[in-house]
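So the structure is just underneath, and the comments pick up after that.
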Amino acid sequence: MPVDDIKPTRSGLLIVRRRMALAERIHHLLSLKLGGMMLELVRLTEQAGLQRRELDEKYAGAREMVAVAAMMEGATGVLLAALSVETSPTYTTGHKNVFGVRLPDLEPVMVKKNLVQRGYGILGTSSVIDDAADAYEDLLEAIIASAELEGGVKRLLNDIERTRRRVNALEFKVIPELTEIRRFIEYQRDEMERQEWTRLRRIKKIKAKKAGEP
């Protein structure tokens, strides 16, 4: 029933009170959810910052290891070793539920490989190729972990904004409007009761006056 259709009656007052109780309960639950999401956002943001710094360090280390490998084996040797890998690294996508928000859950697949899986053979290369491969595999895992955290931060920010708008709408619009309607209905009902009491009193006086006449 639209708010404008609520009549200043006892049943109308009950409808408004039920709506107010529901709005206040939803406001309370959304406020709790908003607080929990804010704490989770702080935690994820700190983790993402640490992961990004680790990513930068691993990127610099991987570039350095490739430079050493190119110096020892030559750029062609490094390129041939890279091309010999038959299975490309990837990841699987999933989701984890945090306060009703679906955060990304990324799992590396065939990122870390053993010597056999790399395909370039043990005898044809030196250990610097293995060190460079290890460094880049660690870098790829760090990239996936960083993407998962930053994706979670973005989704949390979006849901926090939506939840905050709903909380504000309930707090500053819906609940105050229902409060005003409840007060109006209560005032109208009080006026109707006073008018009815006055009418009954007048009737009583008229009856008493008539009863006293000869």
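The values are calculated or read from the model by the stated rules, or taken from the named source; none is laboratory data. Just so it is clear, the model here is predicted, and its values are computed rather than measured. All Cβ positions, even for glycine, are placed from backbone atoms using ideal geometry, and neighbour counts span all protein chains on display.
Would you mention how many residues in the range 134-183 are of a type in the set (A, V, I, L, M, F, W, C), touching a residue at least 12 places away in the same chain (Cβ under 8 Å) and over 30 Å from Asn114 (Cα atoms)?
Of the residues in that region, 10 qualify.
Pull out all pairs, ordered by first then second residue, where Cβ-Cβ is under 7 Å, the residues are six or more apart or on different chains, the first lies in the range 52-81 and is free of Cβ contacts under 8 Å to residues at least 12 places away in the same chain, and the second is in a helix (DSSP H, G or I).
Ala70/Val78
Which of the residues that make up the range 77-97 are surrounded by fewer than 15 Cβ atoms within 10 Å (Cβ to Cβ) and at pLDDT 85 or above?
Correct list: Thr90, Thr92, Thr93, Gly94, His95, Lys96, Asn97.
If I go through the range 188-198 residue by residue, how many of them are surrounded by 11 or more Cβ atoms within 10 Å (Cβ to Cβ) and either touching a Lys or Arg at 6+ places or on another chain (Cβ under 6 Å) or farther than 11 Å from Leu13 by Cα (or both)?
Count: 2.
Mind checking which residues of the range 160-208 are among the polar types (S, T, N, Q) and at pLDDT below 85?
The answer is Gln188, Gln195, Thr198.
Considering only residues that are of a type in the set (A, V, I, L, M, F, W, C) and surrounded by 12 or more Cβ atoms within 10 Å (Cβ to Cβ), look in the range 61-74 and name the one that is farthest from Ala133 (Cα to Cα).
Met72
What are the residues in the range 108-150 that are modelled with pLDDT of 85 or more and touching a Ser or Thr at 6+ places or on another chain (Cβ under 9 Å), if any?
Pro108, Val109, Met110, Val111, Leu149
Name the single residue that is surrounded by the most Cβ atoms within 10 Å (Cβ to Cβ) among those in the range 35-57 being more than 13 Å from Ile143 (Cα to Cα) and among the aliphatic types (A, V, I, L, M).
Of everything passing the filter in the range 35-57, Leu44 is surrounded by the most Cβ atoms within 10 Å (Cβ to Cβ).
Within the range 163-187, take every residue that is more than 16 Å from Ser11 (Cβ to Cβ) and of a type in the set (Val, Ile, Thr) and give me the one that is farthest from the chain's Cα centre (by Cα). Before the answer, list the steps.
To start, the set of residues in the range 163-187 that are more than 16 Å from Ser11 (Cβ to Cβ) comprises 163-177, 179-180, 183, 187.
Still in the list and also of a type in the set (Val, Ile, Thr): 163, 167, 174-175, 179.
Numbers: Thr163: 8, Val167: 14, Val174: 23, Ile175: 24, Thr179: 30 Å.
The residue in question is Thr179.
Suppose we keep only residues that are surrounded by 15 or more Cβ atoms within 10 Å (Cβ to Cβ) and among the hydrophobic types (A, V, I, L, M, F, W, C) within the range 15-25. Which one would you say is farthest from Glu177 (Cα to Cα)?
Ile15
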